[in-house]
Structure formats: structure tokens, C-alpha cells
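Scroll down for the structure; my scribbles are underneath it.
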Amino acid sequence: MRFAMRAYGIPSLVYFLLLEAMLAAAILFWPEFQKNAGMLKAMAPISMLKDMVDSLAQGGIEAYVVGQHFFKGCNTLGTAAGVLFAAGAVAGEVQRGTLELWLARPFTRRRLLLTRWLCGALALCLPIFVSTATVPWLLTFVDAEASTYALMLAATHQCVFLLATYSLTFLCSTLFDSPMGIALSVLFFTTLEFSIYLVKVATHWSLFRLADIGVFMDIMSKETLRADMVLPLVGISLACLAASLAAFSRKVP
């Protein structure tokens, strides 16, 4: 457990610092965004981006925060971090030739894999909760406020969404032996999904519809999680973890 946490510690810290820097810059830019929302909308190259600027301007500071922090920051950086944390979880041991040494530890395979999955999940989710917790304080610099409870619910939804991608990548890591190939494949898929979100018709087929501004604003306004989205996403993560345990039980050094 300690070894795994050390392995994820520095990457997770860097990921947090990037999230926090993007969040702070976005919030401090809020007054300028309010003044220039019309011009920014006119400059947007496609209709989906124009609609997004409209949503941020009309929804006020809460819409702006969820758009900048969750939809833009956490969806992009979080997806990349989750893929990178999971891709080498098992495949990295194979590539380095250390899988046999890892399996020689006095623990069951089940415990070894669950510990690795949990450490990566914590490294992925903890920076989201910590950075989100700083939002009310950052908002004081622009004379605004937002519900801490609602923000934490939004952060929970964000983590559930990202854990589905993380768990799928983790499963690939137990099945295949090339961390780079796994990471590039999943990142290509998620980048494609994010790209089609911006296409008027194809957007309905994008996985990022499950974590867009509208979803987060619904959570913020009602102060409750979306069970219709959270439960299937949790189910995907658990199914991938179960499949990972089954695949790892047959893994040969």
C-alpha cells in the first residue's frame, strides 16, 4: 500500500496543482468574462461553443465554475490522469519484468490488485475534491459565492464518471502488456468522444454528455446526485474491476 501510494503521490500532486492553477485563473477571470461574454460568443467558431458561452453567461457564477472546473478542467486533465494511472498498473510490471517480484509478496493476488486499483482511484479523485473545496474561498476574490455541499456533490459525480474510464483502462492493463499502447488507445477514444461532443448531431453519442455543464447544473440546483447516471457508471466500474480480478488471477509472469 505504501509503495503504491508513493508511486502515485507525485503524479497526483502535479495533477492537483494543474487543476488548481486552471481553477484559480478561471475564477479570477470571471469579471472579465461577464463584461465580454457577447464578444466571446461572437468569436466562437462553431454553434456548440456559442451555446456553451451562452450557458455560462446566463447561468451565473455556478454555471461558470462547473463549466471551467468540471467540464473543462476535470474532464480533460482527469481523463488523462486516470488513463495514465491505470495503464501501467499491471502492464507496467510486465514491461519492467517485475511482475514476478510483485506477485512474490506475502499477499493474495486479489489484495495486490485491489490495493493497486484503490491507490490509483484515490490519486485520481482526491485532487478533484481538494481543488473543489477551494472554490468558495477563491470566489471571495470576485465577490461571489457557491454552495460547498452542491460543489461536493458535483465533484462526486465527476469522480464517478472518471472512475469508469479509469476502471476500463485498468482492465486493459490486466489483459495486455503494453502500457503505452493501452494509454494511447484509450486516450484516442476519449479524445474522439470529447471531439464529437462539439458536433451538433453527434453530440448525443458522446460519453461526455454524462458530465457536461447541464448535468452539473442540475446537480447543483437540486443538490442531489443523478441516480440515473451514477448507478450505471458505478456498475461499469465494478464490472471492470471484477473482470480485472478474474484476468489477474490467471496472469502468468
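The values are calculated or read from the model by the stated rules, or taken from the named source; none is laboratory data. If you're wondering where the values come from, they're calculated on a predicted model, not measured in any experiment. Positions of Cβ are backbone-derived with ideal geometry, glycine not excepted, and every protein chain shown enters the neighbour counts.
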Could you list, in sequence order, all residues of the range 174-230 that are within 22 Å of TYR64 (Cβ to Cβ), more than 16 Å from the chain's Cα centre (by Cα) and in a loop (DSSP other than H, G, I, E, B)? LEU198, GLU223, THR224, LEU225, ARG226
Among the residues of the range 197-211, count how many are in contact with a Ser or Thr (Cβ under 9 Å, 6 or more places away or on another chain) and buried (at least 16 other Cβ atoms within 10 Å of the Cβ). 5
Among the candidates ARG116, ARG111, single out the residue that is more than 22 Å from ALA25 (Cβ to Cβ) and without any contact (Cβ under 8 Å) to a residue 12 or more places away in the chain. ARG111
Can we say PRO106 is under 30 Å from THR169 (Cα atoms) and part of a helix (DSSP H, G or I)? no
Any residue in the range 163-182 that is without any contact (Cβ under 8 Å) to a residue 40 or more places away in the chain sitting within a Cβ distance under 8 Å of a residue that is acidic (Asp, Glu) and not in a helix (DSSP H, G or I)? List the pairs, counting only those 6 or more apart or interchain. none
Residues that are of a type in the set (A, V, I, L, M, F, W, C), assigned to a loop (DSSP other than H, G, I, E, B) and either at pLDDT below 90 or closer than 30 Å to PHE170 by Cβ (or both): does the range 41-48 have at least one? yes
Among residues belonging to the range 81-103 that are of a type in the set (Gly, Ala, Ser) and part of a loop (DSSP other than H, G, I, E, B), point out the one that is surrounded by the most Cβ atoms within 10 Å (Cβ to Cβ). ALA89
Take the conditions surrounded by fewer than 15 Cβ atoms within 10 Å (Cβ to Cβ), in contact with a helix residue (DSSP H, G or I) (Cβ under 7 Å, 6 or more places away or on another chain) and either under 22 Å from LEU122 (Cα atoms) or among the aliphatic types (A, V, I, L, M) (or both) and apply them to ALA239. Does it pass? no
Between a first residue in the range 231-242 that is in contact (Cβ under 8 Å) with a residue 12 or more places away in the chain and a second residue that is in a helix (DSSP H, G or I) and of a type in the set (Val, Ile, Thr), which pairs have beta carbons less than 7 Å apart while being 6 or more apart in sequence or on different chains? LEU233/VAL160; VAL234/VAL160
Taking the options THR115, THR132, name whichever one is among the hydroxyl-bearing types (Ser, Thr, Tyr), part of a helix (DSSP H, G or I) and more than 16 Å from the chain's Cα centre (by Cα). THR115
For the subset of the range 92-108 comprising residues that are in contact (Cβ under 8 Å) with a residue 60 or more places away in the chain and within 29 Å of the chain's Cα centre (by Cα), which member is farthest from ALA247 (Cα to Cα)? GLN95
Does LEU19 qualify as being modelled with pLDDT of 85 or more and among the aliphatic types (A, V, I, L, M)? yes
Filter the range 147-173 down to the residues that are of a type outside the set (A, V, I, L, M), more than 14 Å from the chain's Cα centre (by Cα) and surrounded by 22 or more Cβ atoms within 10 Å (Cβ to Cβ), then identify the one that is farthest from ARG226 (Cα to Cα). SER173
